[in-house]
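Each remark here refers to the structure printed beneath this line.
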Amino acid sequence: MSRIGRLPIAVPTGVTVKIKDQQVTVKGPKGEISQAFTPGMDIKLEDNKLIVKRPSESKQDRALHGLTRSLLNNMVTGVTKGWERNLEIVGVGFRAEKAGEKILVRVGFSHSDEVSPLPGVTLAVDGPNRVKVSGVNRETVGQMAAEIRGIRPPDAYKGKGIRYAGEQVRIKPGKAGKAVGKGK
């Protein structure tokens, strides 16, 4: 049995779960998420707990068992607490500013990049060099954060660019680092 798949998901008060065929809809205080799952997985709501069971012991069913349970857990967490990703902008003159629903990102190019949020995602700017991406669906929050980071990923030599909060960027030594070890 899958160690992750066999764990029941507690459904907190204020959250409603509707299961119709393989379409699961979770509604809570932060919003509503709906997703279709693989036809083989058996999803049931018993005593305010979501339980996922697999039809067979095949390799694919074992893999989908844990995946289905994790996706359901992310849905329940999203409608109760929500998901967020924080980004840091590192570099002299690099900054972000709010422009209505969109944000303007200036990261050393001749133009500023305008980022529109995906549906269900909100963008906030905390200071000139911090961007907060939040929403109900973990997948869209991660996708939006990755798109913003993709504008200018961290440079390997100076570390300038957009990175996730807490991300460790390995800085490579430049030419001077190579020449130090050589003798005459």
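For segment 9-80, what is one quarter of the convex hull surface built on the Cα atoms, given in nm²?
Working: hull surface 17.1 nm².
Here the figure is 4.3 nm², rounded to one decimal.
Quick one: longest stretch of the chain between exposed loop GluC sites (Glu not before Pro), exposed meaning at most 16 other C-beta atoms within 10 Å and loop per DSSP? Don't jump to the answer; show the numbers that get you there.
Working: sites that count: Glu57, Glu101, Glu167.
Answer from the scan: 102-166.
At 25 °C and a viscosity of 0.890 mPa s, what translational diffusion coefficient does Stokes-Einstein give for the chain, taking Rh as the Kirkwood radius over Cα pairs? Give it in µm²/s as a whole number. Don't jump to the answer; show the numbers that get you there.
On the way: Rh = 19.3 Å.
For these conditions, the coefficient is 127 µm²/s.
Arranged by the count of other C-beta atoms within 10 angstrom, fewest first, what order do Ser116, Ser70 take?
On the way: Ser116 12, Ser70 16.
Lowest to highest Cβ neighbour count: Ser116, Ser70.
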_Eligible aspartates and glutamates near Lys102 by straight Cα distance, threshold 13 Å, same-chain separation 8 or greater_ = Asp113, Glu114
*Near Lys175, which lysines are there with a Cα under 30 Å away, not counting those fewer than 8 places off in the same chain?*
Lys158, Lys160, Lys184
*Are there chymotrypsin sites (Phe, Trp or Tyr not before Pro) in segment 35-118 that DSSP puts in a loop and that have at most 12 other Cβ atoms within 10 Å, and which ones?*
Phe109
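Fewest first, what order do Thr68, Thr16 take by the number of other Cβ atoms within 10 Å? Before the final figure, lay out the partial values.
Details: Thr68 26, Thr16 12.
Fewest-to-most ranking of Thr68, Thr16: Thr16, Thr68.
Taking the Cβ of Gly108 as the center, what net charge do the other residues with Cβ under 13 Å away carry, scoring Lys and Arg +1 and Asp and Glu -1? Could the numbers behind the result be given before it?
Values: positive: Arg95, Arg106, Arg152, Lys158, Lys160; negative: Asp113, Asp155.
Local charge sum for Gly108: +3.
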*So what is the relative contact order of the chain, in percent, for Cα pairs below 8 Å that sit 6 or more residues apart?*
17 percent
_With n ≥ 4 as the cut-off for DSSP H runs, can you work out [θ] at 222 nm for the chain, using -39500 (n - 2.57) per run divided by the number of residues, rounded to the nearest 500?_
-6500 deg cm²/dmol
*Neighbour-count order for Arg85, Arg95, fewest beta carbons within 10 angstrom listed first*: Arg95, Arg85
*Under a straight-distance cross-link criterion of Cα-Cα below 18 Å, which lysines are reachable from Lys44, leaving out those fewer than 8 residues away in the same chain?*
Lys18, Lys20, Lys27, Lys53
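Values in this text are rule-based calculations from the coordinates and carry no lab data. These figures come from a predicted structure and were not determined experimentally. For neighbour counting, all protein chains shown are included, and Cβ atoms are generated from backbone atoms with ideal geometry for every residue, glycine included.
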